[in-house]
Amino acid sequence: MSELRRHRVLVSGLATGLALVLALAMVLLLSPARSEAPVPASSQRPAAAPWPHRPPVIAFLGDSWTEGVGATGFQGYAPRTAARLGWHYLNFGIGGSGYTQPGAHHNLFAQRIAAIVASHPDVVVVEGSLNDKSSTPTAEAAAAYTTLSLLHAELGRGTPIIVLGASYNPGTPNTTIDWINAAIAGAAKRVGLPFINPAPLNWTDPRNSAVWYNSLHPNDRGHQLIASHLAPLIRTLVLR
């Protein structure tokens, strides 16, 4: 091949290669841009609340603390907790009652289950009870298990139940509150329900006279302290 012919072939090859590069560049420029891989919806926004269109209703089952004894107008920790949450509430507290003790009104916790279920609450809190101090750990554990398992079965798995133990108070030995709460905690665990023990958390310090109405009941300040501790725990347990 002559020198002139080799030169023409080389120039022709370079021109062809340049044309291919320019064509590829035009294809890339004219092609629509690809978006990033879509992010799953669950990571784009938080989980929706169970009650998106209305405030939920929380029912409180308990003793005189739930009833509101010691608070002005019986506006105790139950309505105060509901107010902090922005929820509606129903109060099934009766003074002197407990899991094993019916009190002066002859009404055990278990005897209010039918009324609670009929009210169709969205959440239930069971509180107490220091009134069971005349019982025994074995009897308390059995009664608490029977009550909580029946409540759970009647309400169904769609209704959260939170079990709240008794608090230390000036009129009851701490050791008594401890065995009561231990029995209830064991029962709640067997049923598969969350248990909150306010006693060691010292929500209402029995040594602080400023939070007590008498030796067994908190005053307005004491009830407000309970609500301020309980409300965020309820929100966390229910919306987790």
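Within the stretch 210-232, can you find the residues that are more than 22 Å from Phe60 (Cα to Cα) and free of Cβ contacts under 8 Å to residues at least 12 places away in the same chain?
Ala210
Restricting to the stretch 95-114, and then to whatever is touching a Pro at 6+ places or on another chain (Cβ under 9 Å) and not polar (S, T, N, Q), can you tell me which residue is nearest to Ala143 (Cα to Cα)?
Here the answer is Leu108.
What are the residues in the stretch 197-224 that are within 18 Å of the chain's Cα centre (by Cα) and outside any loop (DSSP other than H, G, I, E, B), if any?
Residues satisfying the conditions are Pro198, Leu201.
Pick from Ser167, Ser135, Ser149, Ser129: which is within 20 Å of the chain's Cα centre (by Cα) and buried (at least 18 other Cβ atoms within 10 Å of the Cβ)?
Of Ser167, Ser135, Ser149, Ser129, the one residue that is within 20 Å of the chain's Cα centre (by Cα) and buried (at least 18 other Cβ atoms within 10 Å of the Cβ) is Ser167.
Just to be sure I understand, how many residues within the stretch 210-232 are surrounded by fewer than 16 Cβ atoms within 10 Å (Cβ to Cβ) and over 15 Å from Arg80 (Cβ atoms)?
Residues that pass the stated criteria total 3.
Looking at the structure I just gave you, is Thr236 within 15 Å of the chain's Cα centre (by Cα) and exposed (fewer than 14 other Cβ atoms within 10 Å of the Cβ)?
The answer is yes for Thr236.
Which one is nearest to the chain's Cα centre (by Cα), of the residues in the stretch 186-196 that are under 23 Å from Ser134 (Cβ atoms) and either buried (at least 18 other Cβ atoms within 10 Å of the Cβ) or of a type in the set (Ser, Thr, Tyr) (or both)?
Phe195
Kindly establish whether Ile180 is of a type in the set (Val, Ile, Thr), out of contact with any Pro (no Cβ under 9 Å at 6 or more places or on another chain), surrounded by 18 or more Cβ atoms within 10 Å (Cβ to Cβ) and under 26 Å from Ala139 (Cα atoms).
Against the criterion (of a type in the set (Val, Ile, Thr), out of contact with any Pro (no Cβ under 9 Å at 6 or more places or on another chain), surrounded by 18 or more Cβ atoms within 10 Å (Cβ to Cβ) and under 26 Å from Ala139 (Cα atoms)), Ile180 does not qualify.
Between residues in the stretch 112-125 that are in contact (Cβ under 8 Å) with a residue 60 or more places away in the chain and within 19 Å of Ala82 (Cβ to Cβ) and residues that are crowded, with 18+ Cβ neighbours inside 10 Å and basic (Lys, Arg), which pairs lie under 6 Å by C-beta distance while being six or more apart or on different chains?
So the pair list comes out empty.
Which ones in the stretch 197-209 are farther than 20 Å from Val69 by Cβ, of a type outside the set (A, V, I, L, M) and surrounded by fewer than 17 Cβ atoms within 10 Å (Cβ to Cβ)?
If the condition is that a residue be farther than 20 Å from Val69 by Cβ, of a type outside the set (A, V, I, L, M) and surrounded by fewer than 17 Cβ atoms within 10 Å (Cβ to Cβ), then Pro200, Asn202, Arg207 are the ones that fit.
Which residues, counting only those in the stretch 87-111, are β-branched (Val, Ile, Thr) and touching a residue at least 40 places away in the same chain (Cβ under 8 Å)?
Result: Thr100, single match.
Show me the strands (runs of 3 or more DSSP E) entirely contained within the stretch 48-128 in which 1 or more residues are of a type in the set (Gly, Ala, Ser).
Answer list for the stretch 48-128: 57-62, 88-93.
Please find, among Arg80, Arg84, Arg157, the residue that is surrounded by fewer than 20 Cβ atoms within 10 Å (Cβ to Cβ), out of contact with any strand residue (DSSP E or B) (no Cβ under 7 Å at 6 or more places or on another chain) and in contact (Cβ under 8 Å) with a residue 60 or more places away in the chain.
Working: Arg80 fails: surrounded by fewer than 20 Cβ atoms within 10 Å (Cβ to Cβ); Arg157 fails: in contact (Cβ under 8 Å) with a residue 60 or more places away in the chain.
Only one candidate passes the filter, namely Arg84.
Scan the stretch 63-114 for residues that are among the aliphatic types (A, V, I, L, M), touching a Leu at 6+ places or on another chain (Cβ under 7 Å) and either at pLDDT below 95 or closer than 16 Å to Ser135 by Cβ (or both) and jot them down.
Result: Ala110, single match.
The values are calculated or read from the model by the stated rules, or taken from the named source; none is laboratory data. Here the structure is a predicted model, which means the values were calculated and not measured. No Cβ is skipped: glycine too gets one built from the backbone with ideal geometry, and neighbour counts run over all protein chains shown.
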